[in-house]
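The values are calculated or read from the model by the stated rules, or taken from the named source; none is laboratory data. On a predicted model such as this, the values are computed, not experimentally measured, just so you know. Cβ: placed from backbone, ideal geometry, glycine included. Neighbour counts: every protein chain shown. Accessible surface areas use protein heavy atoms only, side chains included; no ligands, DNA or RNA. Shrake-Rupley method; radii C 1.70, N 1.55, O 1.52, S 1.80 Å.
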Amino acid sequence: LNETLRAEAESLRQTGVFPRLAIVRVGERPDDLAYERGAMKRCEAVGVDTLNFALPEGAPEKELLAVIDQINNDDSVHGCLLLQPLPKHMDERAIRQALNPAKDVDGITAASLFSVVAGGGPGFPPCTPTACLEVLDHYNIDLAGKRAVVIGRSLVVGKPAAMLLLQRNATVTICHTKTRDMPALCRQADILIVAAGRAGMIGRDYFAPGQVVIDVGININEQGKLCGDVNFDEAQSIVS
């Protein structure tokens, strides 16, 4: 992927287009900072410039909307990554809708979400569930007819991941905090995608031999280390 993207970026540069991603962050949540560093490192590796906007936790909503408007009207910025969730005093839905879908690389606008459900249209699917599909494709895992369980129903990962799996003819179940006997449902899955948002929540009783598990959780554990939602040691001894 790096090699392909680096070549594409260089091809654009030769035509006078310098690909640039705007990264917008409000506050200093540790998981946001980790995600931002990862995005910047990846962009640097493939020849995409980054433009960072960091607002304090208590910034007024109108200040963030002004940043979004600036990005919308800046032709030198081709994509925008808005780190979520936003502080509770902000109307997250209104801010998402303020972004131009053509620059919405993380699939957070209504136009992007519609394109995921409809299988095409304006905007882009969110990058994390898209990455899940890329990983499955890389390992030649055929999804047609497979039972897939997604833990999490966020607009950023859970719901779009379920729609993308459905487009590949998987039979999909979405689990969430109100799901009864979640471990039993997960053990029935051929493909398990975990986006629960709780460090190490998914343990031995969720797994069955032969499963493929993708953990997209980004958490900071009690030791201050980055970790996922899945207990890796317990999963590794059971799943494929």
Under 5 Å, built H, 5+ apart or other chain: amide partners of residue 79
20, 22
Have a look at 66, 196, 162 and tell me which one the Gaussian network model of the chain (Cα, springs below 10 Å) gives the largest fluctuation.
66
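Within region 42-76, list the GluC sites (Glu not before Pro) lying in a DSSP loop whose Cβ has at most 15 other Cβ atoms in a 10 Å radius. Kindly include the intermediate steps, with their values, before the conclusion.
Numbers: sites: 44, 57, 61, 63; in loops: 57.
Listed in order of number, the matching sites are 57.
Mean separation of Cα pairs under 8 Å and 6+ residues apart, divided by the residue count of region 187-228: what relative contact order is that in percent?
45
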When the accessible area of the chain is computed with all protein chains present and a 1.4 Å probe, what percentage of it is carbon and sulfur?
53
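How much area per residue is accessible in the chain when the probe is 1.4 Å and only protein heavy atoms are counted (Å²)?
Heavy-atom SASA per residue in the chain reads 54 Å².
Give 178/225; 62/178; 41/103; 62/225; 103/146; 103/159 a once-over and call out the pairs whose C-alpha atoms are over 27 Å from each other. Don't skip to the answer; put the middle values down first.
Values: 178/225 29 Å; 62/178 35 Å; 41/103 20 Å; 62/225 34 Å; 103/146 33 Å; 103/159 21 Å.
With Cα atoms farther than 27 Å apart: 178/225; 62/178; 62/225; 103/146.
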Relative contact order for the chain, counting Cα pairs under 8 Å that sit 6 or more residues apart, in percent
12
Can you give me the C-alpha center-to-center distance between region 37-94 and region 162-240, rounded to a whole angstrom?
29
When every alpha-carbon pair in region 62-220 is counted, what percent end up more than 23 Å apart?
42
Would you mind counting up the charge near residue 136? Only other residues with Cβ under 15 Å from its Cβ, with Lys and Arg at +1 and Asp and Glu at -1.
-2
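How long are the semi-axes of the ellipsoid equivalent to region 1-155, from square roots of 5 times the Cα gyration tensor eigenvalues, in whole Å, largest first?
25, 22, 16
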Karplus couplings for region 191-208 from phi (6.51 cos²θ - 1.76 cosθ + 1.60, θ = phi - 60°), rounded to Hz, Gly and Pro as x?
10, 10, 10, 10, 9, 7, x, 10, 4, x, 5, 9, x, 3, 6, 8, 10, 9
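Loop only by DSSP, 10 or fewer other Cβ within 10 Å of the Cβ. Give me the chymotrypsin sites (Phe, Trp or Tyr not before Pro) in region 136-236 that pass, ordered by residue number. Intermediate values should be presented prior to the final figure.
Numbers: sites: 139, 206, 207, 232; in loops: 139, 207.
Listed in order of number, the matching sites are 139.
Give a quick list of trypsin sites (Lys or Arg not before Pro) in region 9-102 that DSSP marks as loop, anything other than H, G, I, E or B, with at most 13 other Cβ atoms within 10 Å. Walk me through the numbers before you get to the answer.
Values: sites: 13, 20, 25, 37, 41, 42, 62, 88, 93, 96; in loops: 88.
Of the trypsin sites (Lys or Arg not before Pro), the ones in loops of region 9-102 whose Cβ has at most 13 other Cβ atoms within 10 Å are 88.
What are the DSSP H helices in the chain that stretch 15 Å or more along their long axis, judged by alpha-carbon atoms, and whose average Kyte-Doolittle hydropathy comes to at least 0.0? Don't skip to the answer; put the middle values down first.
On the way: long enough: 2-14 (18 Å, -1.29); 30-46 (25 Å, -0.73); 61-72 (17 Å, 0.10); 127-138 (16 Å, 0.45).
Qualifying helices: 61-72, 127-138.
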